[in-house]
């Protein structure tokens, strides 16, 4: 018989064990970063929207609603929510805020 070289079953199990441990350690860290990314994206969206509200107030001398900002072309066809799904509102003074729910 020829002497065939290859990996033994024990060597393959050790490699699979190491890969499994790396995955178990990595997944919780990645999910924490997703929450951070959603939060920062929402903060950036609120700041952009606040800038558009101020521009509208300068041009029209009144505080806009979200629909007025869309109709006048100050913002695109976006919804009144952050990319993460958090609702965004404009109060009577023109202050933009993200309405964080209890699950956030």
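Kindly indicate the residue of region 70-88 that is surrounded by 14 or more Cβ atoms within 10 Å (Cβ to Cβ) and farther than 15 Å from residue 57 by Cβ and also modelled with the lowest pLDDT among those meeting that condition. Looking at residues that are surrounded by 14 or more Cβ atoms within 10 Å (Cβ to Cβ) and farther than 15 Å from residue 57 by Cβ, I get 78.
Candidates are the residues of region 61-92 that are in contact (Cβ under 8 Å) with a residue 12 or more places away in the chain and in a helix (DSSP H, G or I); the one that is nearest to residue 37 (Cα to Cα) is 66.
Check whether at least one residue in region 39-53 is modelled with pLDDT under 85 and under 26 Å from the mean Cα position of the chain (by Cα), and report yes or no. Checking region 39-53: at least one residue is modelled with pLDDT under 85 and under 26 Å from the mean Cα position of the chain (by Cα).
The values are calculated or read from the model by the stated rules, or taken from the named source; none is laboratory data. Only a predicted model underlies this, so the values are computations on that prediction, with no experimental measurement involved. When we count neighbours, we look across all protein chains shown, and the Cβ atoms used for this are built from the backbone with ideal geometry, even at glycine.
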